[in-house]
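A short write-up of the structure that comes next.
The values are calculated or read from the model by the stated rules, or taken from the named source; none is laboratory data. What you see is a predicted model; the values in this text were computed from it and never measured. Methodologically, a virtual Cβ is constructed for each residue, glycine included, from the backbone with ideal geometry; neighbour enumeration extends over all protein chains shown. Surface areas here come from the heavy atoms of the whole protein model, side chains and all, with no ligands, DNA or RNA. Shrake-Rupley method; radii C 1.70, N 1.55, O 1.52, S 1.80 Å.
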Amino acid sequence: MTKYIVQGGHPLFGEVHISGAKNAAVAIIPAALLVDGVCRIENIPQISDVTALLKILEQLGASVRFLTTSSVEIDCSHITTTQVSQELAHKIRASYYLIGALLGRFGEAQVSMPGGCNFGGVRPIDQHVKGFVAMGAEVHEGDYIFARAKDGRMKGASVYLDVVSVGATMNIMMAAALADGVTTIENAAKEPHIVDLANFLNSMGADIKGAGTDTIRIYGVDQLHSGSYAIIPDQIEAGTYMAAVAATGGQILVRGIIPKHMDCITAKLQEMGVEIEEQDDTLLVRRSGKLMRTNIKTLPYPGFPTDMQPQITTVLSLAEGTSMVTEGVWDNRYRYAGELLRMGAQIRVEGRTAVVEGVKKLTGASVQAYDLRAGAAMVIAALAAEGTSEITNVQYIERGYEDIVQKLCDIGARIECVECEEPAPPQRQIG
Ligand code: EPZ
């Protein structure tokens, strides 16, 4: 077990290079199961969710070979089983993508129910199941999900999603890539990682059109072939570093991003008085003056991302005036607010809205990471706070942020990762 010790109150200066997108990688790695050949995947982030998914693929009979730390070859020509062991699958939410990928390629899958719900609400997968059933699968849900295509191969179908779901959109896309006929997903999610998964599959021979709009058509093909693909940069990792400099002050160059993907975050930070200049694949982010209040509502892309909500609320806790943050995607994603109160923030949560009264300063404290983005928020708060903070449960943070301690040290943060004796209380996984 490790924890972070942070000496706060130091502005950030320098450059940070953004890694491959976690939420694209955790779909694209399972999607390699659809390929009867070798996929070379570049720009893979080194995070624990990726390690776990690659281990699962190996257990299913895939061969996995790293060419560099961020480039991997996955050969799924000789898969030996469609049953995923509970031990690994249970640890990550994204293990649900194994269902769509295995169903799509082999017509059957057995995967333990993905962990998750520590946003405080339920995280259903009914829309995923609705899609599989429409495509001719029988699905039984219990501790495990058993899914089988009635005729051994999925069949193209029309699926209207009742809620805009990233996971259901990607899972149905995978199940449909090798199906017999055309599948249409209406009310599809439009996040950059949806487009990335479609581009990955198309580069291996799939025929997917409309990804990035709310109607996606997947024309089933008989086989996918070997190929190589580079994952997009991580919008949320970039946004997190931008939020960090907004909170601490200073100036950083955020490198290796797609600025268009950042528009929803950039616009809000600018309203708060952060100066941002776009140059090719970089953003120069500077905060020298006061932070100003604003209101934010999280929405599916291209709205403000829910995965930046804890980080931006932390920044707003230091802004002048009262801000309202409304969570439009998850029922409850404010568990971290109690930790911020311990650092001197003034936040009142009323249902899906947090009323944030800006304070002049935060003060270092011992806090814990409740989940991945809540953990990122704790890091930002600790960097901005006066004095020393200790953050426990950092394994959540490392599920989604490559080398966060080193990247922060490189821009002048005083943060170190140290062994801790007491294991933190067990938490359920999300992501
Ligand atoms: C993905 O989760 C991300 N996880 C989450 O990232 C992210 O918060 C979320 O999308 C929204 O952007 C991964 O990519 C692994 P959804 P996902 O299905 O796909 C409801 C992070 O910090 N819903 O788009 O599970 C659901 O309850 C995280 O990186 C149903 O009702 O989210 C929620 O209210 C954590 N039925 C809304 O839809 C379903 O079948 C959006 O969920 C599915 C979802």
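Screening the stretch 123-168 for residues that are assigned to a strand (DSSP E or B) and among the acidic types (Asp, Glu) and picking the one that is farthest from the ligand (Cβ to nearest atom) gives Glu138.
Given the criteria crowded, with 17+ Cβ neighbours inside 10 Å and either free of Cβ contacts under 8 Å to residues at least 24 places away in the same chain or out of contact with any Gly (no Cβ under 8 Å at 6 or more places or on another chain) (or both), does Gln270 qualify?
Considered against the rule, which asks whether it is crowded, with 17+ Cβ neighbours inside 10 Å and either free of Cβ contacts under 8 Å to residues at least 24 places away in the same chain or out of contact with any Gly (no Cβ under 8 Å at 6 or more places or on another chain) (or both), Gln270 comes out as no.
The set of residues in the stretch 169-181 that are open to solvent by 10 Å² or more (accessible area, probe 1.4 Å) and either within 16 Å of the ligand (Cβ to nearest atom) or in contact with an Asp or Glu (Cβ under 9 Å, 6 or more places away or on another chain) (or both) comprises Leu178, Asp180. Here the stretch 285-302 is the region considered, the condition is being under 25 Å from Gly256 (Cβ atoms) and loosely packed, with under 15 Cβ neighbours inside 10 Å, and the residue that is farthest from the ligand (Cβ to nearest atom) is Ser288.
Hey, can you tell me all the residues within the stretch 373-406 that are part of a helix (DSSP H, G or I) and touching a Leu at 6+ places or on another chain (Cβ under 7 Å)? Break it down stepwise before answering.
In the first step, residues of the stretch 373-406 are kept if they are part of a helix (DSSP H, G or I); the result is 373-384, 395-398, 404-406.
Once the filter is applied, which keeps residues that are part of a helix (DSSP H, G or I) and touching a Leu at 6+ places or on another chain (Cβ under 7 Å), the stretch 373-406 yields Ala381, Ala384, Tyr396, Ile397.
On the given criteria, is Glu421 more than 16 Å from the ligand (Cβ to nearest atom), at pLDDT below 95 and among the charged types (D, E, K, R)? When the stated conditions are applied, Glu421 passes them. Residues in the stretch 37-67 that are outside any helix (DSSP H, G or I) and in contact with a Lys or Arg (Cβ under 8 Å, 6 or more places away or on another chain): 3 in all. Considering the stretch 352-370, and only residues there that are surrounded by 24 or more Cβ atoms within 10 Å (Cβ to Cβ) and at pLDDT 95 or above, the residue that is farthest from the ligand (Cβ to nearest atom) turns out to be Leu362. Out of Ile29, Ile79, one residue alone is open to solvent by less than 10 Å² (accessible area, probe 1.4 Å) and at pLDDT 95 or above. It is Ile29.
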